[in-house]
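**Q** Sharing a structure here in structure tokens format.
The values are calculated or read from the model by the stated rules, or taken from the named source; none is laboratory data. Quantities reported herein were computed from a predicted structural model and do not represent experimental measurements. Every residue, glycine among them, receives a Cβ derived from its backbone with ideal geometry; neighbour counts consider all protein chains shown.
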Protein chains: 2
Amino acid sequence: MTTGTDAPRRTRIQQEKRELILEAALEVFSTNGFRGSTIDQIAEAAGMSKPNLLYYFRRKEDIHETLMQRLLDTWLAPLRELDDIGDPLTELRSYIRRKLEMARDFPRESRLFANEILQGAPRIMPLLAGELKTLVDEKAVVIKGWMRAGKIARTDPWHLIFSIWATTQHYADFDVQVRAVLGPNRGGDGRFEDAARFLEQLFLDGLKPKG
Amino acid sequence: MTTGTDAPRRTRIQQEKRELILEAALEVFSTNGFRGSTIDQIAEAAGMSKPNLLYYFRRKEDIHETLMQRLLDTWLAPLRELDDIGDPLTELRSYIRRKLEMARDFPRESRLFANEILQGAPRIMPLLAGELKTLVDEKAVVIKGWMRAGKIARTDPWHLIFSIWATTQHYADFDVQVRAVLGPNRGGDGRFEDAARFLEQLFLDGLKPKG
DNA sequence: CTAACGTTTGTCCAATCGGTCAAAATTTGC
DNA sequence: GCAAATTTTGACCGATTGGACAAACGTTAG
């Protein structure tokens, strides 16, 4: 009731232009943060005038809000897919791989999310303590089951999920640093394959020598 | 020559007030980002008027620059300490522990750094490709030596360092999310001990069951 | 006391910001 | 073609921003 009608009933032009604006806003917001971005920047990136943009989104915050709502769904999709069918280690390995692919293919989304969290998540705090916590708690139960069954080592499921998030999203959020440190040779397109190989080994075997 | 005199020759009051301003600016910048922070906010946090603040730092950027320069040194100190003396696994374990303690004790510094990197590191890019890369390459050689000696498993030293950075700084940069997901019970002060235990196990043994 | 120096503040400014509005241009339904 | 509805724009507004500046304040050495 508070967020307007369920069926926005938009024209074809409205849908296209709104999509154009959201795409431009993702680019601008993810690199400058919310307060660091201006409506003019977004309008220019979308190829339209500022008043024209404000015809489709009345306030700057509306753009950001729409962007965040869409983002969370796609962003949590890989975790939702983590299921009890199949081998646990394989399941976890493919979750890590999927998350790393998202960091590679959707770095702007990752940075937008990181920006929001860094600043204390003022706009999505309820979602974190609600929807997100519920989902993670749910998956923690699944993982605990695997531990009880002796399929994976006993450890803390919540921190395990955190570590997967941290290591994979690092390649999107800290991409500049990763490329700078790896240098021109190793910092090229192959860095994600290297990361995938490393992470797989880390999460499966750790660092202790085989002997 | 381009950065003025080597000895700024400041009075006692100047040193104290500059320190006060930097402390206030760390608080403000780390929570709002550079563009999201105003001189007025920093001045108020430092308990002085805006023109008075501008008497000690002529431009907003000067405060940020001074802050970043100091930050990098202390931030990289744990990695510098990573040495060839002592047992490799112990050495790595204590590096992880030190980094996690820094995330716990200096979260504002971590967020300030994360903010800068997220936005493409416009102000410290030369440092990343220079000083930072040199240091990491140096330590990568040390780690490679451990691998050749059979002391730790063979893997990519650079990505190993990335994963330590990512997992430890996650508890500072994404603190709001961590606390929200862990909930009121487990999200209290004990979360860093839990994280330390988990990370130690992850980096040493991975997830494969012991059997 | 007073001159010199370092410190603090009130006032002001130009630029930029998010957002409004009425009018013009365009598309759409008939 | 034409009228209604939709889309686009130029001009504008008040608020906020980073920063300048001169005057005032305080302190200290002589």
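**Q** Are there helices (runs of 4 or more DSSP H) fully within segment B:121-211 with at least 1 residues that are closer than 23 Å to A:E116 by Cα? List them.
**A** Qualifying helices (runs of 4 or more DSSP H): B:157-173, B:175-186, B:191-205.
**Q** Only one of (1) closer than 22 Å to A:A103 by Cα; (2) within 12 Å of DNA strand C (Cβ to nearest atom); (3) more than 14 Å from every other protein chain (Cβ to nearest Cβ) is not met by A:H64, so which one is it?
**A** So A:H64 meets the others, but not (3).
**Q** Taking B:A24 as meeting all but one of (1) in contact with a helix residue (DSSP H, G or I) (Cβ under 6 Å, 6 or more places away or on another chain); (2) within 16 Å of DNA strand C (Cβ to nearest atom); (3) closer than 29 Å to B:T167 by Cβ, write down the number of the exception.
**A** (3)
**Q** Also, I was wondering about something else. Taking the conditions exactly as written (surrounded by 21 or more Cβ atoms within 10 Å (Cβ to Cβ), modelled with pLDDT of 95 or more and within 7 Å of chain A (Cβ to nearest Cβ)), does B:A172 satisfy them or not?
**A** So B:A172 fails the test.
**Q** Separate question: So, B:S49, is that one of a type in the set (S, T, N, Q), free of Cβ contacts under 8 Å to residues at least 60 places away in the same chain and either exposed (fewer than 15 other Cβ atoms within 10 Å of the Cβ) or out of contact with any Gly (no Cβ under 9 Å at 6 or more places or on another chain) (or both) or not? Steps first, answer last, please.
**A** Numbers: of a type in the set (S, T, N, Q): yes; free of Cβ contacts under 8 Å to residues at least 60 places away in the same chain: yes; either exposed (fewer than 15 other Cβ atoms within 10 Å of the Cβ) or out of contact with any Gly (no Cβ under 9 Å at 6 or more places or on another chain) (or both): yes.
In short, yes.
**Q** In segment A:124-131, is there at least one residue being surrounded by 19 or more Cβ atoms within 10 Å (Cβ to Cβ) and of a type in the set (D, E)?
**A** no
Conditions tested, residue by residue: (1) more than 30 Å from A:K133 (Cβ to Cβ); (2) of a type in the set (D, E, K, R).
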position	(1), (2)
A:T31	no, no
A:A45	yes, no
A:P51	yes, no
A:D62	no, yes
A:L79	no, no
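Each row is one residue, and each column tells you yes or no for (1) over 26 Å from B:K139 (Cα atoms); (2) touching a residue at least 40 places away in the same chain (Cβ under 8 Å).
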residue	(1), (2)
B:F34	yes, yes
B:Q41	yes, no
B:L53	yes, no
B:L72	no, yes
B:E81	no, no
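**Q** The conditions are (1) within 14 Å of another protein chain (Cβ to nearest Cβ); (2) within 14 Å of DNA strand C (Cβ to nearest atom); (3) not small (G, A, S), and B:W75 fails exactly one of them. Which is it?
**A** (2)
**Q** Residue by residue through segment A:27-43, note down the ones that are within 8 Å of DNA strand C (Cβ to nearest atom) and of a type in the set (G, A, S). Show your work before the answer.
**A** Start the filter on segment A:27-43 by keeping residues that are within 8 Å of DNA strand C (Cβ to nearest atom), which leaves A:35, A:37-41.
Residue satisfying the conditions is A:S37 alone.
**Q** Can I ask one more? Out of the residues in segment B:52-61 that are within 22 Å of B:R108 (Cα to Cα) and within 14 Å of DNA strand C (Cβ to nearest atom), which is nearest to the chain's Cα centre (by Cα)?
**A** The initial filter retains those residues of segment B:52-61 that are within 22 Å of B:R108 (Cα to Cα), namely B:53, B:57, B:59-61.
Then keep just the ones that are within 14 Å of DNA strand C (Cβ to nearest atom); that gives B:53, B:57, B:60.
Working: B:L53: 26, B:F57: 24, B:K60: 21 Å.
The residue in question is B:K60.
**Q** Can you give me the number of residues within segment B:52-81 that are more than 12 Å from DNA strand D (Cβ to nearest atom), under 17 Å from B:L20 (Cβ atoms) and of a type in the set (V, I, T)?
**A** Here the count works out to 1.
Okay, residues lined up against (1) surrounded by fewer than 21 Cβ atoms within 10 Å (Cβ to Cβ); (2) away from chain B (no Cβ under 11 Å); (3) assigned to a helix (DSSP H, G or I):
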residue: A:R35; (1), (2), (3): yes, no, no
residue: A:I42; (1), (2), (3): no, yes, yes
residue: A:L54; (1), (2), (3): yes, yes, yes
residue: A:R70; (1), (2), (3): yes, yes, yes
residue: A:D84; (1), (2), (3): yes, yes, no
residue: A:Y95; (1), (2), (3): yes, yes, yes
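**Q** Sticking with this structure for a sec: Just give me the residues in segment A:150-159 being at the interface with chain B (Cβ under 7 Å from one of its Cβ atoms) and free of Cβ contacts under 8 Å to residues at least 60 places away in the same chain, in sequence order.
**A** Within segment A:150-159, A:G150, A:A153, A:T155, A:D156, A:W158, A:H159 qualify.
**Q** Report the residue count in segment A:79-91 for those that are modelled with pLDDT under 95 and either within 19 Å of A:A166 (Cβ to Cβ) or under 10 Å from the mean Cα position of the chain (by Cα) (or both).
**A** So the count comes out to 1.
**Q** Condition (residue is under 23 Å from B:I161 (Cβ atoms) and touching a helix residue (DSSP H, G or I) at 6+ places or on another chain (Cβ under 7 Å)) applied to segment B:37-54: is it met by at least one residue?
**A** Checked segment B:37-54: no residue is under 23 Å from B:I161 (Cβ atoms) and touching a helix residue (DSSP H, G or I) at 6+ places or on another chain (Cβ under 7 Å).
**Q** Sticking with this one: Taking segment B:175-192 on its own, how many of its residues are touching a residue at least 60 places away in the same chain (Cβ under 8 Å) and more than 9 Å from chain A (Cβ to nearest Cβ)?
**A** 1
**Q** B:L100 fails exactly one of the following numbered conditions: (1) away from every other protein chain (no Cβ under 12 Å); (2) away from DNA strand D (no atom under 16 Å from the Cβ). What is the number of that condition?
**A** Of (1) away from every other protein chain (no Cβ under 12 Å); (2) away from DNA strand D (no atom under 16 Å from the Cβ), only one is false for B:L100: (1).
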